[in-house]
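Please read the structure below before turning to the comments.
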Amino acid sequence: MNLKIKTLIITILFFGVIFYPISISQNLSNPVWGFKNAYLEYNATTTILGIMEYYYVRYTIINIYQNNGSFVYSENFSSVKYNSLFENITFNGNYSNPNGFPAVSPDDLNYLNQGKIPEDMNNSVKSVISNVQIKVPAGTYDTDKIIKNYGSVEYVDMSTGIIVDENITLFGFNANLKLTNTNIHPINIEIIYVIIAVLILLLLVFAVFLRSIKRR
């Protein structure tokens, strides 16, 4: 086989290996937050009978089971005032039902981004407002604002489905969580498409160049 043809094939395979995992990661059944060691950190305040306390909260996915979309995550609470661990518990969840992990499923996020209430939230959510920009310590996010029946409000990032701000009010109890840090970030699909298009164009030019050399 001609050396130049071999080079072309190797180049195509090389870029295929790079972009294939990216295309897999965009599978709608797998949420952006669904990977091992994904974490979300929050500053939390609670008020009970006029007494306010401050906490640091961290959620971490410690294991993923890709065959069925389930995962195990840890929930850590620590007191800012006493600088001590308050709680450290592990839970099971899955992509369609995070079960306490502060994120929503891809299907639910699709509904929320349209300003609609997902079926599994019908009994707890009063209304949804999309495209609400909110600023928290972790940054500025475009969110879906979820207003719940009992007065609590939740802000869900429209691109990843993670909860960036939450205010819970129930029987005189009030709690607020604000996202301070995370390693869960959206992949800019538009940039990826541009890169792929440029690479395809370069490969076509390269192929034409090789053909012109071969004819000489």
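The values are calculated or read from the model by the stated rules, or taken from the named source; none is laboratory data. Nothing here was measured: the structure is a model prediction, and the numbers come from that model. Heads up, the Cβs are rebuilt from the backbone with ideal geometry, glycines too, and the neighbour counts pull from every protein chain shown.
Structure values in brief
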item: Some residue of segment 104-126 being closer than 20 Å to residue 56 by Cβ and either free of Cβ contacts under 8 Å to residues at least 24 places away in the same chain or in the same structural domain as residue 58 (by TED's automatic domain parsing) (or both); result: no
item: When residues of segment 120-179 are limited to those that are farther than 15 Å from residue 42 by Cβ, aliphatic (A, V, I, L, M) and touching a Phe, Trp or Tyr at 6+ places or on another chain (Cβ under 9 Å), the one surrounded by the fewest Cβ atoms within 10 Å (Cβ to Cβ); result: 170
item: Segment 43-76: number of residues that are of a type outside the set (S, T, N, Q), at negative phi and loosely packed, with under 15 Cβ neighbours inside 10 Å; result: 6
item: Any chance residue 38 is at pLDDT 95 or above and surrounded by 12 or more Cβ atoms within 10 Å (Cβ to Cβ); result: yes
item: Selection status of residue 135, closer than 22 Å to residue 159 by Cβ and free of Cβ contacts under 8 Å to residues at least 12 places away in the same chain; result: yes
item: Of all residues making up segment 50-64, the number that are of a type in the set (D, E, K, R) and under 14 Å from residue 40 (Cβ atoms); result: 1
item: Single condition residue 87 does not satisfy, out of (1) touching a Phe, Trp or Tyr at 6+ places or on another chain (Cβ under 6 Å); (2) at pLDDT below 75; (3) under 17 Å from residue 183 (Cβ atoms); result: (3)
item: Residue 163 vs. criteria assigned by TED's automatic domain parsing to the domain that holds residue 49, at pLDDT 95 or above, closer than 22 Å to residue 61 by Cβ and out of contact with any helix residue (DSSP H, G or I) (no Cβ under 8 Å at 6 or more places or on another chain); result: yes
